[in-house]
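Colleague: If you scroll down you'll find the structure; I have some questions about it.
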Amino acid sequence: MGAFWSAPPIEGARIRQREPAVSLKERLVPPMPPASVWGWAGPLLVTLFGGFLRFYRLGIPHAVVFDETYYVPDAYGILKHGVEINAVGAAKNRNLVDHLLATGSTHILTNTGEYVVHPPFGKVMIAVGEWLFGLTPFGWRFMAAVAGTLAILLVARITRRMTRSTMLGCIAGLLMSLDGLELVLSRTAILDIFVTFWALAAFGMLVLDRDAARAKLAEAAMAAGATGAPGEELSGGGIKLGIRWRLVLAGVFLGLACASKWNGIWFLLAFGGLALAWDLGARRALGYRERLAGTLRSDAKWLPVTFVAIPAATYTAAWSGWFATSLGYDRNWAALAGNHVPIWSTLDSWYQYQKSMLSFGLGLNSKAGYVSEPWSWLYLGRPVSFFYTAPKGCGVPSCSQEVLAIGTPAIWWASILALAFCLGWWISRRDWRAGAVLVAVGAGWLPWFWFALHDQRTEYYFYAIAFLPYLVIAITLCLGLIIGPVDAPPGRRAIGAVVTGAYLLLVLANFAYLYPVLTAQVLPYEFWRQRMWFSSWI
């Protein structure tokens with residue numbers, strides 16, 4: 001059980017000589033916990049728990065929720081025609097379910113292409129559920145629930161690798177499964193959960209590549225006679241690492257994130273920088289004199305491939321349905337404008353379409369409804385009501401039924417402290433894990449500050465789902481330090497375990513209290529009102 005209950009040590013930027021028996025490779029890449037059934041069984045059990053919460057009553061509410069009004073017909077158009085198609089009148093608004101029930105027909109599409117403002121891949125994923133289970137609330141929400149559930153497993157396994165602790169991996173997965181915002185977006189057919197999932201998958205590939213690259217560098221240094229002794233320096237910049245297939249996969253995943261929604265591009269830029277910084281840090285830790293030159297020689301020529309060409313090719317491939325059919329919106333724009341050059345005409349039309357989408361996205365500045373500013377997201381200043389109705393027949397005169405997109409306060413409010421601590425931790429100790437979560441949170445959050453201040457663009461709290469996994473990892477890193485390392489005194493570990501257990505129970509209780517308003521359960525109005533802690537939540 002020792003590996004299960006271990007917590008992460010604090011590591012500096014340079015290798016420290018701790019024990020003569022520990023090899024240079026082991027100090028550069030601390031070993032993972034010994035192989036045991038818990039390495040997978042623990043994260044999988046947490047994932048099954050989270051999956052149950054996401055799939056239970058997935059078809060409720062039996063209505064089109066929030067922006068499902070756009071993405072459900074778009075996904076169905078992709079399923080039937082390979083591209084988004086305009087829906088008939090009743091299906092273009094939130095009466096889609098009523099239309100389907102009243103007519104008994106799924107003929108909801110016209111014969112003209114639909115102008116869309118987001119790339120198609122997230123809608124392709126929604127279409128998979130519609131193909132499997134039909135044009136029903138369960139069907140169009142199915143793949144969102146799959147992505148949200150698998151994100152729990154990714155968080156658990158990524159945290160386990162970052163901390164070398166199965167227990168901390170399971171804690172991170174449990175926190176992810178108990179977050180209200182992740183639950184709601186896993187039960188709603190909109191695009192943000194897919195951006196979150198693919199960016200998180202790319203982050204996992206980066207963490208795996210970091211270990212593999214450092215191990216390879218350490219083995220080469222040892223073969224050249226390096227011992228890792230304090231003050232030891234090595235000539236040159238180290239070996240070339242060449243093409244790294246985990247980074248190739250990260251590029252594909254980031255391309256899929258961008259092909260789901262354009263805010264994935266910020267993770268593309270941030271993770272490319274992380275890969276470069278981690279390579280430089282490994283060569284510095286090994287004591288190479290020309291580490292910068294070695295990093296540039298090894299990685300610089302591959303970065304345009306793994307973090308530009310591959311994501312761009314993946315993004316473009318996601319538009320294959322639009323390229324393949326003349327039904328795509330403005331598919332023949334260039335030809336009508338006089339450009340009849342084969343292939344180039346189609347590419348010209350596609351390029352103009354991308355420009356139009358960008359212009360729409362940057363110009364969106366409605367201030368109605370549930371708009372919020374990004375600096376309010378961590379303290380849950382203005383959550384978003386995805387669905388609300390006042391049904392009859394709940395046994396009292398006034399009832400409420402709501403889907404409120406809001407994070408679990410015990411997680412989000414704790415993340416403020418966790419981020420502040422990680423910032424200090426990184427400044428004082430240069431711990432790569434603290435730096436990694438700060439970069440990832442920044443990629444998902446900070447660009448919205450620029451849009452809010454510069455363009456006054458319309459923004460909503462649920463956009464924050466993109467960086468939620470890294471908030472969870474930040475909290476878990478802090479809990480690991482509270483628990484203490486494996487060799488800490490038993491009393492110290494016991495106190496840390498009690499504090500951590502109390503926090504997890506608080507999160508569980510907080511989530512359970514909010515659960516009815518996250519999942520459209522019918523409540524007496526008074527019970528619903530008790531869960532609206534602040535007027536801005538209404």
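Read-outs throughout are calculated quantities, based only on the coordinates presented, and are distinct from any laboratory measurement. Only a predicted model underlies this, so the values are computations on that prediction, with no experimental measurement involved. FYI the Cβ positions are ideal-geometry reconstructions off the backbone, even for glycines, and counts take in every protein chain you see.
Colleague: Given the Cα-Cα distance of Ala502 and Glu219 and 0.36 nm per residue of separation, how much length would full extension add, in nm? Write down the numbers at each step before the final one.
Modeller: Values: separation 283, 0.36 × 283 = 101.88 nm, distance 4.31 nm.
The span from Ala502 to Glu219 would gain 97.6 nm if fully extended.
Colleague: Okay, next question. What's the extension gain from Tyr525 to Lys301 if we count 0.36 nm per residue and subtract their Cα-Cα distance?
Modeller: Length gained between Tyr525 and Lys301: 74.5 nm.
Colleague: Which entry in [x] 27.9; [y] 32.1; [z] 25.9 is this structure's computed mean projected area of the Cα convex hull in nm²?
Modeller: Evaluating mean projected area of the Cα convex hull in nm² on these atoms matches [x].
Colleague: Let me ask you something else. May I ask you to compute the full-extension gain from Ala335 to Trp375, defined as 0.36 nm times their residue separation minus their alpha-carbon distance, rounded to one decimal in nm? Write out the running numbers ahead of the final one.
Modeller: Working: separation 40, 0.36 × 40 = 14.40 nm, distance 4.54 nm.
Stretched out fully, the Ala335 to Trp375 stretch lengthens by 9.9 nm.
Colleague: Right, another one. Of the peptides 67-75, 272-280, 482-490, how do they stack up when ordered by the mean number of other Cβ atoms within 10 Å, highest first?
Modeller: Final packing ranking: 67-75, 272-280, 482-490.
Colleague: Let me ask you something else. Calculated from DSSP H runs of 4 or more alone, at -39500 (n - 2.57) each and per residue, what is the 222 nm mean residue ellipticity of the chain, nearest 500? Could you put the intermediate results ahead of the total?
Modeller: Numbers: 21 runs with 307 residues, N = 538.
Result for the chain: -18500 deg cm²/dmol, rounded to the nearest 500.
Colleague: Take the Cβ-Cβ distance between Thr389 and Trp450 as r, set R0 to 45 Å, and report the resulting FRET efficiency rounded to the nearest 0.05. Spell out each step's value before the answer.
Modeller: On the way: r = 37 Å, r/R0 = 0.82.
Computed FRET efficiency for Thr389 and Trp450 comes out at 0.75.
Colleague: Dipole of the chain (Lys/Arg Cβ +1, Asp/Glu Cβ -1, origin at the Cα centre): which of Gly480, Gly321, Leu506 lies farthest to the positive side?
Modeller: Gly480
Colleague: Under a Cβ-Cβ cut-off of 14 Å, what is the net charge of the residues other than Val507 that fall near it, where Lys and Arg count +1 and Asp and Glu count -1? Kindly include the intermediate steps, with their values, before the conclusion.
Modeller: Values: positive: none; negative: Asp179, Glu182.
Around Val507, the charge tally is -2.
Colleague: Follow-up question, since we're still on this one. For a protection proxy built on the mean count of beta-carbon atoms within 10 angstrom, sort 282-290, 494-502, 152-160 highest first, please.
Modeller: Details: 282-290: 20.9, 494-502: 14.6, 152-160: 26.7.
Packing order, densest peptide first, comes out as 152-160, 282-290, 494-502.
Colleague: Let me ask another. Quote the Stokes-Einstein diffusion coefficient, in whole µm² s⁻¹, for the stretch 282-359, based on the Kirkwood radius over alpha carbon pairs, a temperature of 25 °C and a viscosity of 0.890 mPa s.
Modeller: For the chosen part, D equals 158 µm²/s.
Colleague: Using the beta-carbon distance between Lys240 and Thr316 and R0 = 45 Å, what value does 1/(1 + (r/R0)^6) give for FRET efficiency, to the nearest 0.05?
Modeller: Working: r = 29 Å, r/R0 = 0.65.
So, using R0 = 45 Å, E works out to roughly 0.95.
Colleague: Sort Ile193, Ile60 so the one with the fewest other Cβ atoms within 10 Å of its own Cβ comes first.
Modeller: Least to most surrounded, the residues fall as Ile60, Ile193.
Colleague: Quick one: net charge of Phe271's neighbours, Cβ under 14 Å, K/R +1, D/E -1? Provide the component values of the computation, followed by the final result.
Modeller: Working: positive: Arg210, Arg244, Arg246; negative: Asp209, Asp279, Asp299.
Summing Lys and Arg as +1 and Asp and Glu as -1 gives 0.
Colleague: A follow-up question, please. Based on alpha-carbon centroids, what's the gap between the stretch 245-263 and the stretch 485-538 in Å, whole number please?
Modeller: 33 Å
Colleague: Taking C-beta distances below 4.7 angstrom as the pairing criterion, name the unpartnered cysteines of the chain, in sequence order.
Modeller: That list is Cys170, Cys258, Cys422, Cys478.
Colleague: Take Ser356, project a point 7 Å from its Cα along the Cβ direction, then tell me which residues of the stretch 108-129 have their backbone nitrogen under 13 Å from it.
Modeller: In the stretch 108-129, the label zone of Ser356 (backbone N under 13 Å from the point 7 Å along Cα→Cβ) covers 113-118.
Colleague: Counting other beta carbons within 10 Å of each Cβ, put His99, His118, His62 in order, fewest first.
Modeller: The most exposed by this proxy come first: His62, His99, His118.
Colleague: Roughly how many debye, to the nearest 20, is the charge dipole of the chain about its Cα centre, given +1 on each Lys and Arg Cβ, -1 on each Asp and Glu Cβ, and no other charges? Before the final figure, lay out the partial values.
Modeller: Working: 43 positive and 30 negative charges, 229 e Å.
Using Cβ point charges on Lys, Arg, Asp and Glu, the chain gives about 1100 debye.
Colleague: Label-point separation (nm) for Ser398 and Asn95, each offset 7 Å from Cα along Cα-to-Cβ?
Modeller: Using points 7 Å along Cα→Cβ, the separation is 2.9 nm.
Colleague: When a footprinting reagent is the concern and you count Cβ atoms within 10 Å, what order do Thr196, Thr47 take, fewest first?
Modeller: Starting with the residue having the fewest Cβ neighbours, the order is Thr47, Thr196.
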